[in-house]
Amino acid sequence: MIEKFKYELQNMTKAERIKDTLRKTRERRKTQRPVVYQLKLQNLFRRVRELLKRAFLEAKWLYNWLVSDTERLNMPANKISAVEVKVGEVFEERPLTVLGSQVKQEIADRLRDNLRALGKLKENGHKVGALKPKRFVNSIPLKQYGVTYSLDLTRNRVRIQKLGEFRVLGLHQIPPGAEIASAVLVRKPSGYYLHVTCYLPGEHFSREPVGKAVGVDFGVDSKLTLSNGLKVDFEMRETPRLKRLQRRLARTKKGSRNRERIRLLLRREHEKLNNKRRDAQNKVLAFLRLYEVVVFQDDCVKGWAVLFGRQVHSSGIGGLKSRLRDSLETPVAVERFEPTTKECFACGKRHELSLSDRTIECDCGWKCDRDVNAALVILKKGLGLGPDQAVGLDRPELKPPEREAAARILGSNPYIRVSFPQ
């Protein structure tokens, strides 16, 4: 049987072997989930930093050269060795010395994908313009593992085609059974990173659920209120250092080196804030994944910024809501215009409440915190239950496994404040 397989493999053409490999990969991907791990390049000497800087500069040159004339996409991008760059009023020829052949091809493929996306938007009636040259490129695709780049898990090293070998931090995140795929070399204000995409079997993500279903109500005072009475609040506001840098930037002269230096410091400070917000979102999502079903309302968080701009922007609940659909296995969304806050959970009667009314009291005897009541109504509507069917959901208690998981996951972030029901 093995000899027969080897004989068939030898008689297949290169195109047939590639097609067969892609077919097997697609079948394997049906039972796997992608995960992106971030690795940081460490111990970068001046010569190495200059080499990486040159790579991103050449990526910008190539992209802008292709954008200026899309007919050049018909050329084999891997054989482009020099491009024309506009310097002032004239064009100069610049050689591409540190970009690998597959990297050049992937940059051209990115441009084709952008053109196809614009074409789709135009077909759907959107008004779109032409692609413009970029002032800078902050990501370089590394398409094929083992060719464009390779990882040495034992020595904490990564080798990138034509750029050399680098020491990286974070390889311990990749589990032993992971199937390593493509990667992206990213430049950030804090340094250079490698975003590696790995595929893991679905069993790797299985967790013991702490509850069957939970309703989530988004708010401004408490960013998330769950139907079991748990309230989660987190804000990462502008730091005093950020405000000082903004004042210093306003006093600098445009085009000066000092202005560019302060702008770099500003980008680093914004990156720190974004990392803190992202970590808070990850902790909340990790906790919500412990429920079998998560029901939330598709609120217009963007409209809240008109009245509560700083509280909304500093928390990033808009990004959290958009990630709920992609990160959770069984998310259920309630329509945006459903009056969940005004509706009584017990009988369904609607009340007129102002922002100062923090408690809802109904003639049927139901009295509850308005945010918890809204989360219960969201849960009831998401599960499709009527008033007579929702009796069993009457004020579900926060179970000990849920309390323990909230303290362990949410409590690990110092910027998240958790309020347990009394």
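No lab work stands behind these numbers, since they all come straight from the coordinates. Values in this document were obtained by computation on a predicted structure and should not be read as measured data. Cβ coordinates were reconstructed from backbone atoms using ideal geometry, including for glycine residues, and neighbour counts include every protein chain displayed.
Within 10 Å of each candidate Cβ there may be at most 10 other Cβ atoms; applying that plus a DSSP loop requirement, which trypsin sites (Lys or Arg not before Pro) in region 171-242 survive?
ARG207
Would you be so kind as to identify which of GLY215, THR252, ALA305 lies farthest towards the positive end of the dipole of the chain, taking Lys and Arg as +1 and Asp and Glu as -1 on Cβ and the Cα centre as origin?
Of the options given, the answer is THR252.
According to the Kirkwood expression over distinct Cα-Cα pairs, how big is the hydrodynamic radius of the chain, in Å?
That comes to 25.9 Å for the chain.
Hey, what number do you get for the chain at 222 nm if only DSSP H runs of n ≥ 4 count, each worth -39500 (n - 2.57), divided across all residues, to the nearest 500?
-12000 deg cm²/dmol
For region 255-346, what size does the Cα cloud have along each of its three principal axes, sorted from largest down, in whole Å?
64, 31, 17
Can you name the helices of the chain, as whole DSSP H runs, whose Cα span along the helix axis is 24 Å or more and whose Kyte-Doolittle mean is not below -0.5?
The answer, listed by residue number, is 46-68.
Kindly give the semi-axes, whole Å and largest first, of the ellipsoid equivalent to region 151-208, taking each as the square root of 5 times a Cα gyration tensor eigenvalue.
Output for region 151-208: semi-axes of 24, 13, 11 Å.
Identify, among SER139, PRO201, ILE378, the residue whose Cα sits farthest towards the positive end of the charge dipole of the chain, taking +1 on the Cβ of Lys and Arg and -1 on the Cβ of Asp and Glu, with the dipole about the Cα centre.
SER139
Taking 0.36 nm per residue of separation and subtracting the Cα-Cα distance, what length does fully extending ARG336 through GLU93 add? Mind dumping the intermediate values first?
Working: separation 243, 0.36 × 243 = 87.48 nm, distance 5.48 nm.
Working it through step by step, the gained length comes to 82.0 nm.
Could you tell me the distance between the Cα centroids of region 337-358 and region 254-324, to the nearest Å?
If we compute the Cα centre of each part, the gap is 29 Å.
With only Lys, Arg, Asp and Glu charged, each at its Cβ (+1 for the first two, -1 for the last two), find how big the charge dipole of region 63-205 is about the Cα centre; round to the nearest 20 debye.
Result for region 63-205 is approximately 280 debye, rounded to the nearest 20.
Region 23-52 to region 154-232: how many Å between their Cα centroids?
12 Å
Using only the Cα atoms, what convex hull volume per residue in Å³ does region 57-186 have? Show your work: numbers first, answer last.
Details: hull volume 19.3 nm³, N = 130.
That works out to 149 Å³ per residue.
Spelling out what I want: for every residue of region 223-234, take phi, set θ = phi - 60°, compute 6.51 cos²θ - 1.76 cosθ + 1.60 (Karplus), and round to whole Hz; glycine and proline get x.
4, 9, 10, 8, 5, 8, x, 6, 10, 10, 9, 7
If you take the beta carbon distance between ASP109 and LYS243 as r and set R0 to 56 Å, what does 1/(1 + (r/R0)^6) give as a FRET efficiency, to the nearest 0.05? Could the numbers behind the result be given before it?
Numbers: r = 42 Å, r/R0 = 0.76.
According to the calculation, E is roughly 0.85.
If amide hydrogens are placed 1.01 Å from N in the peptide plane, which non-local residues have theirs closer than 5 Å to the one on VAL334?
Sorted by chain and number, the residues that satisfy this are PHE296, GLN297, ASP298.
If you put +1 on each Lys and Arg Cβ and -1 on each Asp and Glu Cβ, how big is the dipole of the chain around its Cα centre, in Debye rounded to 20?
Roughly 2600 debye, rounded to the nearest 20.
Check the cysteines of the chain one by one and keep only those with no other cysteine Cβ under 4.7 Å from their own.
Flagged as lacking a Cys partner: CYS198, CYS300, CYS368.
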